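Below you'll find the structure, written out as C-alpha cells, and then a few comments.
Read-outs throughout are calculated quantities, based only on the coordinates presented, and are distinct from any laboratory measurement. Computed from a predicted structure; not experimentally measured. Cβ atoms come from the backbone with ideal geometry, glycine included; neighbour counts cover every protein chain shown.
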Amino acid sequence: MRKALFPICLFFALVLFGIAAYGAPKDKVPLREDLLDGLTFRYGGLYSLRAGYTRTTTTPSTDAVFNNQASQVASGVLFWKKPYSLRLEQASPRPEEMLTNGNTAWWYIPEEKIVHVYKDVDISGEFYPLTTFFDGLDELKKYFKISSLAESAGREGEFGFVLTPLKEGTYGTITVFCDKDSILKGFRMNSVTGEQTDFVLRDLIVNPDIADSRFVYAPIRGVKVLEETMEGGFE
C-alpha cells in the first residue's frame, strides 16, 4: 500500500501517535489566570463539540542548505464526543472522512472508493492530551502544568497556553489558543519529527447532540474495505 500522506498523517498524529512536546516558549510570559478562568467558565462540563476547521500542516525541510518547508492546508468540519470519539469531515482539498469511536479508526476516500480500517487502536493512551483537555476544562490545573505563549506567537489577537500532562507517562503537550474573551480558537501541535499542525476553529458549537453512530463508518456499496495494521506505521 502506498504511503498514507497528508490527511491520515495528521489525523493519526492527533489520535494514534499522540501529540508531541511543543517545547517551552523562548520568552516567559505571565500566566493569564483571567483567561484560564474564562475557559473554565465557558467550557466546564464539555461533553461534545462541533466546529468548522482550517488545518495547516508544515513539514520541516530535510535540506540543510535551502531549508525549504512544505505546507499543506485543508478545511472541513470536526466533531468530538466524550471520551474518545472524533470525526473529521474534510471538504478541501478533496473530500475525505477520518473517524474513530475509540477502538477502531476509519479513513474513507470517496474518490478512490476505499476505506482503510485500523482496529484495536489505543486511543485512550495516545489521545490523552487532547481528550484530557476537553474533559478537564473545569480543572485544568489538576491535570496539566500550564505556561503561556506570547500573543504574537503566530496567531494575532490570540493567547496560547502550553498544557503538559501531570500524569506520569510518555505524553506530549498541546498548545491551546483563545481570544481575549476566553473563546476557544484552536490548537497547535508539533510532532517528534518537527512537523507542526495548526487547527483554527470557527463556528464552534458546545455540547451538540451527536449520535454515537456518527463515529462509526457505515458500509457503502461499491467501497472497498482494506483492513490495515499499525505495525510499522502507515504504509
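Summary of values
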{"read-out": "Per-region count, the range 209-226, residues closer than 15 Å to Glu111 by Cα and of a type in the set (Val, Ile, Thr)", "value": "3"}
{"read-out": "Residue pairs meeting the criteria (Cβ under 9 Å; at least 6 apart or on separate chains; first in contact (Cβ under 8 Å) with a residue 12 or more places away in the chain and of a type in the set (Lys, Arg), in the range 70-85; second surrounded by fewer than 19 Cβ atoms within 10 Å (Cβ to Cβ) and in a strand (DSSP E or B))", "value": "Lys81/Ser48; Lys82/Ser48"}
{"read-out": "First in the range 199-217 and touching a residue at least 40 places away in the same chain (Cβ under 8 Å), second anywhere and in a loop (DSSP other than H, G, I, E, B) and surrounded by 14 or more Cβ atoms within 10 Å (Cβ to Cβ), Cβ under 6 Å, 6 or more apart", "value": "Asn207/Tyr47; Phe215/Asn101; Val216/Asn101"}
{"read-out": "Selection within the range 86-119 - in contact (Cβ under 8 Å) with a residue 24 or more places away in the chain and among the charged types (D, E, K, R)", "value": "Arg87, Glu96, Glu97, Lys113, Lys119"}
